Amino acid sequence: DDGFEYFAFLSHFQENSQDQCSALALQFKLRGYSVWYDQNATNLSADGMKEGVAQSKCFILFLNDRVLERPWVQLEVREALRLHKPIVLIHETDGRHGAPLRDGGSFDFARVLGAQAPPDLQGLAADIESIPFQRRNELVEAMFKMIFTSCELASDLAAKRRAAAETAAAAIVFRLAE
């Protein structure tokens, strides 16, 4: 037991990602993992969402058009960053389901994580590889292996960042005490 109530917090823009995140939540449940997902949550206030982030081992942001324009998503992402949560990105791959695609058909990360994001969240994915969302049964298992691996790798990175932040804070306190 790692002390968390949920394996992951699913953050998304309902208008174009609710079906995908419902499918993800169900797949997590079928694999024996509990996730915080707004459609299943009892407390949808800002405090309830922050508590959901705090009680989750990792934070999953489902990338789709305009996701980082949404105030609730921004609140959730900022809370995950504040708590040094491991962040896993999953992106829509199908334009029929809201994916902003470039001319060549690839997901437009520059648009979603750049132009559409507020300035403080524009560097969010600098060192995070996004996982393509899969619908086909034969690819769903591979997607989940990538999610679990990414969560573990992101957990290691988050722990290093947390330790560096604590070391920096301790150094500041030490200097102030001198």
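When D120, D108 are checked against the criterion of being within 30 Å of A54 (Cβ to Cβ) and charged (D, E, K, R), a single residue qualifies: D120.
Among the residues of this structure, R31 counts as one that is closer than 20 Å to R136 by Cβ, touching a residue at least 60 places away in the same chain (Cβ under 8 Å), among the basic types (K, R) and open to solvent by 50 Å² or more (accessible area, probe 1.4 Å). When the residues of the range 37-59 are filtered to those that are open to solvent by less than 30 Å² (accessible area, probe 1.4 Å) and part of a loop (DSSP other than H, G, I, E, B), the one that is modelled with the lowest pLDDT is A41.
For the range 1-36, residues that are within 14 Å of L63 (Cα to Cα), of a type outside the set (A, V, I, L, M, F, W, C) and in a loop (DSSP other than H, G, I, E, B) total 1.
Applying the set (1) closer than 24 Å to K145 by Cα; (2) touching a Leu at 6+ places or on another chain (Cβ under 7 Å); (3) among the aliphatic types (A, V, I, L, M); (4) open to solvent by less than 20 Å² (accessible area, probe 1.4 Å) to A80 leaves exactly one unmet item: (2).
The values are calculated or read from the model by the stated rules, or taken from the named source; none is laboratory data. Quick caveat, the model's predicted, so the values are computed rather than measured. Counting neighbours? That spans all protein chains shown, and the Cβs are built from the backbone with ideal geometry, glycine included. What goes into the accessible areas is simple: the full protein's heavy atoms, side chains included, and nothing from ligands, DNA or RNA. Shrake-Rupley method; radii C 1.70, N 1.55, O 1.52, S 1.80 Å.
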